[in-house]
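K.L.:
I'd like to ask you about the structure that follows.
Rule-based calculations on the coordinates, nothing more; no lab input. In this text the structure is predicted, and so the values were computed from the model without any measurement. Don't worry about glycine lacking a Cβ; one is built from the backbone with ideal geometry, like all the others, and counts go over all protein chains shown.
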Amino acid sequence: MHLRISFACALAAAGLAAAPPARALNPQHAGLQVALRAQGLYNGPIDAIVGPRTVAGVRAFQREQGLRVTGKVDAKTRRALGPLGRHLFGSRQLVRGEFGWDVAVLQFLLVRHGVKVPVNGYLDRPTLLGLRRFQRNAKLDVDGIGGPRTFAVLRGKRVTVHLVQTAMRIPKAKSTKTHVYVVKPGDSLTAIAHGAGVSLTALAKLNHVDPARVLLIGRKLRVPVRVEAAAAVASKPQAVAVPVTSTTASVRASLDKWAAYYRIDPSLARALAWMESGYNNTLVSSVGAQGVMQLLPTTWDYVETVLIGHSVAHDADGNVHVGMAYLHHLLAAFGGNESLALAAWYQGEKSVRDGGPLEVSKVFVANVLALRKRM
């Protein structure tokens, strides 16, 4: 299903002009910035404004690929960007599992409307839930499909205050049960509250803490257990977007270092990390998975005690170290079969051994392997 969007047609015909003086917000440019970030050539905000850093990233990429260095993202440049260089926003219908430039634009627009989703070019479960939330608040058909009507409302210049406030409201926990959560480096009370599905005020009151004070590492918090979160434990935990602190360049360097140490293809390591977090070490999932590689505390403990034999710092480099050690284990466990190892990463080693990859895992694996070609 095609949607005729004036700026999409213009960009497809003339290329994306990377002219710093204009500095106008064009949603399509968010797709460009995400694609450049995946290449390690852009560390600025995903704001859809073409500034000096975006232009420099475009020129650097064109230079690396042997293309004419124009600073404009034409069809050749987008093809060279690989999976994240296509398709332009509005050129196709978007459903769960889609991957590309237009998905990044969709995510950017959802964030602009107050719906918190990752911006990584992959229409995963958090993005699907965010899309449905937006559709519900905009009084559209809540089908989780990006189509003409949803695109049209997303591109509207005005969003009512009521819509933004509703979209950002965090649902109350459906269970009064709690579990103990130990605060780790990089944690914030806000992120933990998001993961538990409760308000910051409610979590602070439950634990008798002042939300304005620094949250001490090692502190034990009582965190409500959500019914839907408990049901999702058997599947891959899904992430909630929080601000990025580590630079793309430092994360890529860490990925290359530990991939080499564990003799893993660095392109595979980069693609997996990108699909998990967009190289964002402060990402926290609804069930507590954290960091660049989105590791559960149980996985971290297993790697430290069984695979590595010593503790690892809970920073971006440590997160990558643990992730690469675990991926190395999965590759060995499945005889070097990358597809099965990635499926086990997504749904669990035992689950893959018992019943094979799930359909949702197959989508994840296919997208990681497709992105790998451009990493």
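K.L.:
May I ask you to compute the full-extension gain from Leu25 to Arg125, defined as 0.36 nm times their residue separation minus their alpha-carbon distance, rounded to one decimal in nm?
P.N.:
Contour length minus the Cα-Cα distance gives 33.3 nm.
K.L.:
Can you flag which of Lys72/Lys373; Lys72/Lys116; Lys177/Lys220 are past 19 Å Cα-Cα?
P.N.:
Those over the limit are Lys72/Lys373; Lys72/Lys116.
K.L.:
Another question about this same structure. Starting from 0.36 nm per residue, how many nanometres of slack lie between Arg53 and His208 once their C-alpha separation is accounted for?
P.N.:
Fully extending the segment from Arg53 to His208 adds 51.4 nm.
K.L.:
³J(HN,Hα) across region 28-33 via Karplus (A = 6.51, B = -1.76, C = 1.60, θ = phi - 60°), whole Hz, x for Gly/Pro?
P.N.:
After applying 6.51 cos²θ - 1.76 cosθ + 1.60, I find 4, 5, 5, x, 4, 5 Hz.
K.L.:
Now, a different point. Tell me whether region 240-372 comes out rounded, prolate or oblate; compute the Cα gyration tensor, take square roots of the eigenvalues as a ≥ b ≥ c, and use a/c under 1.5 as the rounded threshold.
P.N.:
Taking the square roots of the gyration eigenvalues as a ≥ b ≥ c, region 240-372 is rounded.
K.L.:
Here's a follow-up. Provide the packing ranking of 47-54, 131-138, i.e. peptides ordered by the mean count of other C-beta atoms within 10 Å per residue, highest first.
P.N.:
131-138, 47-54
K.L.:
Quick one: check the C-alpha center-to-center distance for region 109-127 versus region 315-349, whole angstrom.
P.N.:
Region 109-127 and region 315-349 have Cα centres spaced 26 Å from each other.
K.L.:
Let me ask something else about it. Listed highest first by mean packing, meaning other Cβ atoms within 10 Å per residue, what order do 216-224, 119-127 come in?
P.N.:
Peptide ranking by packing, descending: 119-127, 216-224.
K.L.:
Using each residue's phi in region 101-108, evaluate 6.51 cos²θ - 1.76 cosθ + 1.60 at θ = phi - 60° and report the 3J(HN,Hα) Karplus result to the nearest Hz, with x for Gly and Pro.
P.N.:
Using θ = phi - 60°, the values come out as 3, 5, 5, 4, 5, 4, 5, 4 Hz.
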